[in-house]
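Visitor: For reference, the structure I am asking about is given below.
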Amino acid sequence: MTPPASEDALLVVDPQVDFCPGGALAVPRGDRIFDAVNRAMREHPLVVASRDWHPAGHVSFSTRGGPWPPHCVSHTPGAAFHKALDQDRIAHVVDKGSDPDSEAYSAFAGTNLEVWLRARGVKCLYVAGLATDYCVKQSVLDALRLGFEVIVLEDAIAAVDVRPGDGDKALQEMVAAGAKLATTG
Ligand SMILES: [Zn+2]
């Protein structure tokens, strides 16, 4: 007998070295989310993770006039999953931002994530990862647009806060768009 299709999944957005303190585009306290992320992964049978996965010379890099220092260049140590992440629980990885000339904050942008989730009967997506005010936010807004129920795990995300309060504003935007908030455990 095949087990029933799981109706929820956990998306861990960009839990990568470069987004943590010491990395090329560090999120303050980005490395502090992993206890909560690992706890959430133990609670969800189906886990998918995204990676920011850029070619050298990506359009978002300051070297090309973009807003960010070069980061998460594919196959470099900075693009690897952070060592505090319990990688054994990840069933599927989607890479985004691989086109040199387009930015991709959302884990749905140019990936097979939607198809992969629908093939598994997923209706509800729990979201954790980095960073609240960019890739988490855009992934959540896309998931809502695509008709998924979305629950953001507040203790398993962290914001860049380029301007103070950006993370809080992003959370408000996600809630206004229909996301629910929860904590792990
Ligand atoms: Zn990037």
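Visitor: Among the numbered conditions (1) in contact with a Phe, Trp or Tyr (Cβ under 9 Å, 6 or more places away or on another chain); (2) in a loop (DSSP other than H, G, I, E, B); (3) away from the ligand (no atom under 15 Å from the Cβ), tell me where residue 25 comes up short.
Guide: Failing condition for residue 25: (3).
Visitor: For residue 79, only one of the following conditions fails: (1) buried (at least 16 other Cβ atoms within 10 Å of the Cβ); (2) away from the ligand (no atom under 15 Å from the Cβ); (3) of a type outside the set (Phe, Trp, Tyr). What is its number?
Guide: It fails just one condition, (2).
Residue-by-condition table, conditions (1) over 13 Å from the mean Cα position of the chain (by Cα); (2) of a type in the set (A, V, I, L, M); (3) modelled with pLDDT under 95; (4) outside any strand (DSSP E or B):
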residue	(1), (2), (3), (4)
128	no, yes, no, no
134	no, no, no, yes
152	no, yes, no, no
170	yes, yes, no, yes
173	yes, no, no, yes
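Visitor: Can you name every residue in segment 99-117 that is over 14 Å from residue 144 (Cα atoms) and not in a loop (DSSP other than H, G, I, E, B)?
Guide: Within segment 99-117, 115, 116 meet the criteria.
Visitor: Of the numbered conditions (1) in contact (Cβ under 8 Å) with a residue 40 or more places away in the chain; (2) of a type in the set (Lys, Arg); (3) within 14 Å of the ligand (Cβ to nearest atom), residue 89 fails exactly one; give the number of that condition.
Guide: Failing condition for residue 89: (3).
Visitor: I've got another one for you. Could you please let me know if residue 142 is modelled with pLDDT of 95 or more, touching a Lys or Arg at 6+ places or on another chain (Cβ under 6 Å) and at negative phi?
Guide: Working: modelled with pLDDT of 95 or more: yes; touching a Lys or Arg at 6+ places or on another chain (Cβ under 6 Å): no; at negative phi: yes.
So residue 142 fails the test.
The values are calculated or read from the model by the stated rules, or taken from the named source; none is laboratory data. Since the model is a prediction, treat every value here as computed from it, not as a measurement. Positions of Cβ are generated from backbone atoms using ideal geometry, with glycine treated the same way; all protein chains shown enter the neighbour counts.
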